[in-house]
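**Student:** Take a look at the following structure, please.
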Ligand SMILES: C[S@@+](CC[C@H](N)C(=O)[O-])C[C@H]1O[C@@H](n2cnc3c(N)ncnc32)[C@H](O)[C@@H]1O
Ligand SMILES: [Zn+2]
């Protein structure tokens, strides 16, 4: 993580008491708040703010994260990356970005990268939050990213009005907290699946059905703090090798209870064709 922890001192607050950090006591490897609460960075670069609290939620395992990493690195979801990068052209120079449920930080890396290419004089910075330390090992390697193990349903360990854009891609959304940490005029970029997402594969593989109206629900829940800017449906074909198909199933909730061998047996060595269908909602903080 290098100097990033100290770079992010003004974005993060103590998860225990909400105080700011003591800049003299904090270092590249440790954050110490004004009240003396201490958090060590892991050797792999992320910092765990959930220590000693436990969580009812089960983080993604190393195998699930590997499957996600392979699937995304193969470029199957490139159209989603492009849509997010396009939506980010509205951000100011050197933005501070929050990726909630960041996973490996795949989309965040592309957004930060595009910010740099746009001739930004100041480097973009980001906080990646996720329950899974395995996923955050990867996110922590992205330049400018402070990777923090946290449950997004709890009050976020971020300073009020510190963020220019919140990314939320296939992840839980804590809208009141997103509003608190985002500056006026800042953006929320949310990618949600449509009912047709991967529908062709559901008879074959243990994938969750997607209910109707996720983006509408988001806009409704966001009323008050956020005004809708745009909503775009994105549908594109996927052709998946048996391995990529197994990765796709394993990287989702099925990865918690269905083993790799069982997923491969269900696919039966065949190539799979499916449609990815998602919606990108852009909202602006009032
Ligand atoms: C479907 S994955 C999406 C990951 C990433 N945004 C992507 O698209 O590659 C959902 C992510 O949300 C994380 N997650 C689920 N519940 C969470 C929670 N309550 N707090 C933080 N992260 C959570 C999971 O660990 C997982 O990495
Ligand atoms: Zn504290």
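So that you can scan it fast, the table gives a plain yes or no per residue for (1) assigned to a strand (DSSP E or B); (2) closer than 14 Å to residue 282 by Cα:
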residue: 184; (1), (2): yes, no
residue: 216; (1), (2): no, yes
residue: 219; (1), (2): no, yes
residue: 227; (1), (2): yes, yes
residue: 233; (1), (2): yes, yes
residue: 246; (1), (2): no, no
residue: 261; (1), (2): no, no
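**Student:** Note down all Cβ pairs under 6 Å where the first residue falls in segment 6-32 and is closer than 13 Å to residue 156 by Cα, the second is near ligand 2 (Cβ under 9 Å from one of its atoms), and they're at least six residues apart or on different chains.
**Tutor:** If the second residue must be near ligand 2 (Cβ under 9 Å from one of its atoms), the pairs left are 14/33; 14/37; 16/37; 17/35; 19/33; 19/34; 19/35.
**Student:** Among residues belonging to segment 141-159 that are away from ligand 2 (no atom under 16 Å from the Cβ) and touching a helix residue (DSSP H, G or I) at 6+ places or on another chain (Cβ under 8 Å), point out the one that is nearest to residue 279 (Cα to Cα).
**Tutor:** 152
**Student:** I've got another one for you. Taking the options 57, 66, 9, name whichever one is in a loop (DSSP other than H, G, I, E, B), surrounded by fewer than 21 Cβ atoms within 10 Å (Cβ to Cβ) and within 13 Å of ligand 1 (Cβ to nearest atom).
**Tutor:** 57
**Student:** Consider residue 161 carefully, then state whether it is buried (at least 24 other Cβ atoms within 10 Å of the Cβ), more than 28 Å from residue 58 (Cα to Cα), in contact with a strand residue (DSSP E or B) (Cβ under 9 Å, 6 or more places away or on another chain) and free of Cβ contacts under 8 Å to residues at least 60 places away in the same chain.
**Tutor:** No: the conditions fail for residue 161.
**Student:** If you don't mind, another one. Would you mind telling me which numbered condition in (1) more than 23 Å from the chain's Cα centre (by Cα); (2) surrounded by 13 or more Cβ atoms within 10 Å (Cβ to Cβ) residue 265 fails?
**Tutor:** Result: residue 265 fails condition (2) only.
Computed from the coordinates by the stated procedures, all read-outs in this text should not be read as laboratory data. Just so it is clear, the structure is predicted and the values come from calculations on it, not from any experiment. Reconstructed Cβ throughout: ideal geometry from the backbone, glycine too, with neighbour counts over all protein chains shown.
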